Amino acid sequence: MILIKEARIINEGKSFVGNILIKNSYIYKVYEINEKIAENITKTIDAKGKILIPGLIDTHVHFREPGLTHKAQIYTESKAAVAGGITSFFEMPNTKPPTLTENDINSKIEIAKKDSLANFAFYIGVSENNISDVLNCDTSKICGVKMFMGNSTGKMAVSDEDILKQVFSQKRLPVVVHCEDDEIISNNEQEYKNKFGENVPIKYHSEIRSAKACYKSSNYAISLAKQYGTKLHIAHLSTKEELDLFDKSEDITKKQITGEVCVHHLWFSNNDYDKLGTKIKCNPSIKDPSNKDALLKGLLNGNIDTIATDHAPHTSDEKENNYFNAPSGIPIIQQSLQIMLEHYHDNKISLEKIVEKMCHNPSILFDIEKRGFIREGYYADIVLVNLNDENTVKPENVLYKCKWSPLEGYSFKSSISHTFVNGKLVYENGVLNEQQKGMPISFNRK
């Protein structure tokens, strides 16, 4: 058995110094600091001065496999994930081909079993042609239904009212929606093309993919969810206006309509376009600083329920194109916990709230079995963090296949020292144990 000794444990709104005993894949016992440990210990990790949290659950990633593996692979991006304290991920369906059938899901699961260092699950996408697959898939191995209510990526945008009704009416899986209004965006694009031709400056991205486009689409999705009683999760909220659409008074276990914010919308603003250009082009767009501040406030007061990454790598060459040809998406999963810990250091959010939004709430909202908490009998997905270990993001320590980060040159105050996945030490002080693989995530569904 493995003993993690004298860590400051952050879990379920509490902070205390204690010991964790890991047996096989599970948390065997959680000890208060003065309790006597009389078990057969094979390995001890001295965690004095460090914090211990549940492994993060990132419910929104794009790992690009199959079909787009020149950008990323499940293998490479899962390495970056565990180095950043993420022990479980949900991967989106806009691969090539898109993930639209149970066979597509099974193919991804087989790749992940062989290659992923983190635990994994996959969304089934919705198109105009696969509603039968969505309504009849095996829900025990699928994290949710992903719908693009706006033409963000590929040909998966859905506007057919009958399909929308069928997806929103089903109660088998949560529905996760990308919300941007195509008509508004198209009109804005034409307006800026008329001004600048094909060379629209990147700083206008937030005006083209505007707050109005986000609000109109989110409002529509929520109205459908209320009409049909859908368990709805709105992805990557990016505007202060959208926050008013969400109820902050309900207990998380009772909420039917919930929201996610991504770390880049809490970190960057449109002031960063001048320096970083298309490196931070993403959909929905990064907007003015007032939105960033409002989103953080929405996390604290309960309007927003989860923090994810929308990790979406592209090659440097692809990103160096002009505005209309540079793809949208940011590689950021390896630094996501560090970003939130910077907000902690700046006294903007507590450690307990970070754990709630990145570990506990994803587990609750998606009915994940035995993950997301430090509890006896739960999988030992555990992360140790040194809050006082400054480290700088450099190309040589970026683990993404694309080998770049918009955060290059930034020195974070905190570092991840250890990551356990299913009781196995997969990451320790910069060294990965690539022999240990994650496993499919199970869900508590009837």
Taking the Cα of Ser290, stepping 7 Å toward and past its beta carbon, and measuring to each backbone N in region 207-234: which are under 18 Å?
207-216
If you average the C-alpha positions of region 249-298 and of region 63-116 separately, how far apart do those two centres end up, in angstrom?
24
In a shell of Cβ-Cβ distance under 9 Å around Ile234, excluding Ile234 itself, what net charge do Lys and Arg (+1) and Asp and Glu (-1) give?
-2
When Thr59, Thr42, Thr139 are arranged by how many other beta-carbons sit within 10 Å of their Cβ, fewest first, they go Thr42, Thr139, Thr59
Determine the sum of side-chain charges near Tyr410: Lys and Arg each +1, Asp and Glu each -1, restricted to other residues whose C-beta is under 11 angstrom from that of Tyr410.
-1
Exposure proxy order (Cβ contacts within 10 Å, fewest to most) of Thr392, Thr419
Thr392, Thr419
Rounded to 10°, Cα long-axis angle of helix 211-228 versus longest principal axis of the chain
70
Most exposed first, judged by fewest Cβ atoms within 10 angstrom, Arg371, Arg172 run Arg172, Arg371
What is the extension gain from Ser140 to Lys36, computed as 0.36 nm multiplied by their sequence separation minus the C-alpha to C-alpha distance, in nm to one decimal?
33.4 nm
Measure out, as a whole number of angstrom, how far apart the alpha-carbon centroids of region 9-41 and region 363-377 sit.
17
Along principal axes, Cα extents of region 56-365, largest first, whole Å
49, 44, 41
Which entries in the list Lys146/Lys297; Lys275/Lys413; Lys171/Lys353; Lys240/Lys297; Lys240/Lys413 go over 20 Å, if you measure between the two C-alpha atoms of each?
Lys146/Lys297; Lys275/Lys413; Lys171/Lys353; Lys240/Lys413
Surrounding charge for Gly277, neighbours by C-beta under 15 angstrom, Lys/Arg +1, Asp/Glu -1, total -1
Using alpha carbon positions and the Kirkwood radius, the Rg to Rh ratio of region 1-149 is 1.10
So what is the 222 nm mean residue ellipticity for the chain from helices alone, if each DSSP H run of at least 4 adds -39500 (n - 2.57) and you divide by all residues, rounding to the nearest 500 deg cm²/dmol?
-7500 deg cm²/dmol
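FYI, it's all coordinate maths here, none of it is from the lab. These figures come from a predicted structure and were not determined experimentally. Glycine gets a Cβ as well: all are built from the backbone with ideal geometry, and neighbour counts include every protein chain shown.
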